[in-house]
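S.K.: Submitted below is the structure of interest, expressed as structure tokens.
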Amino acid sequence: MSDQNELIEKQQPLTSTDLMQAVVITSPKKYELKQVPKPEPQADEVRIRISGCGICASNIPVWEGRDWFEYPLKPGAPGHEGWGIVDEIGSAVSKVHIGDAVTSLSYNSFAQFDIAKEQSVVKIPEVLKDKPFPGEPLGCVMNIFHRSDIQPGQTVAIVGMGFLGLLLTSIISNYGATVMAISRRDSALNFAKENGAAHTVKFDDYWKIIDQVKKITDDRLCDRVIEATGKQLPLDLAGELTSIRGKLIIAGYHQDDKRSVNMQLWNWRGIDVINAHERDPQIYIKGIQDAVKEVAAGRLNPFPLYKNYSIHEFDTAMEAIIYQPEGLIKALMIL
């Protein structure tokens, strides 16, 4: 006990410069802003002063609550779309420097500071230094595009015009394929037109959509269909729109329940089904690097799709991505 008391006596009290503000989700749909100690980087890590963090649809289950989550969450969790400025580096870090603008794969970025491995950090060039850059979802866009095996001249339907769907519309259209954008929201369809969609289809009547797509394609249906919603009905529709020997790419985040599929249809048409979710960190990083190049060159423009919220509006932002009001595409928490 005496050794423990001696250790406590030697510890210095934390000062304001040792602390940071962080979102702490304390229970379903409840959070607090807390003052907590700044994280300290290990030898192969960097500390990032977070400028902002995107809010992902995958954050919804932990916000709403599920039986398998334990609360409170770690400070800053589950923010994984952060960007900012490196303010401290570990002793073994050699390629990243203090003052670098970066985005990274890190997991507690709903906070003023977060930690990332050096190999999980991507530098942001000077031309983008002062712009929001949620690297992880932008990397997902590039990786989905690569996995989709799209060729110029093909017809590609994208079911769901959220952040992924709209940016994929832009990339695929620029690549020389014909994009058919499908969404429930008029504002999203208008964004899709601005991003190069040749056809826009309102997601209202299921069988009417199929008939409309058949009419547009002279009954051939679509060479590639990307499902980007994470919901059962759009997944069903995506299968119906995929042509014989076509490819169905699942980009939506399906985590709320089990799914059923029309295997008879998939078998009959000989559809290739691609799960476009990556789990290899280095493939994630390659996607982010590709996204940096595309955005820096002006070939990809995500900036009109962002809506900013302050750290004090965290609950408002979370509810917004759940209910998706007209005009909201991508919510960012700005610090």
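S.K.: Calculate the all-directions average of the projected area of the stretch 138-275's alpha-carbon convex hull, and give it in nm².
M.R.: 7.5 nm²
S.K.: Next question, about the same structure. Kindly provide the helix-only [θ] at 222 nm of the chain, computed as the sum of -39,500 (n - 2.57) over DSSP H runs of four or more divided by all residues, to the nearest 500 deg cm²/dmol?
M.R.: Rounded to the nearest 500, the figure is -9000 deg cm²/dmol.
S.K.: As an exercise, identify the chymotrypsin sites (Phe, Trp or Tyr not before Pro) in the stretch 27-84 lying in DSSP coil whose Cβ has no more than 14 other Cβ atoms within 10 Å.
M.R.: Passing both the DSSP loop test and the Cβ count: 68.
S.K.: List the trypsin sites (Lys or Arg not before Pro) within the stretch 81-161 that DSSP assigns to loop and that have no more than 11 neighbouring Cβ atoms inside 10 Å.
M.R.: Passing sites in the stretch 81-161 are 95.
S.K.: Just flag the GluC sites (Glu not before Pro) in the stretch 41-86 sitting in loop per DSSP whose Cβ has no more than 12 other Cβ atoms within 10 Å.
M.R.: Sites meeting the loop and neighbour criteria: 70.
S.K.: Over every pair of different alpha-carbon atoms in the chain, take the mean of 1/r and invert it; report that Kirkwood radius in Å.
M.R.: Over the chain, the inverse of the mean reciprocal pair distance is 21.3 Å.
Read-outs: derived from the displayed coordinates by stated rules, not from any lab. Computed from a prediction, not measured in an experiment: that's the story for all the values here. Glycine also receives a Cβ, built like all others from the backbone with ideal geometry; neighbour counts cover every protein chain displayed.
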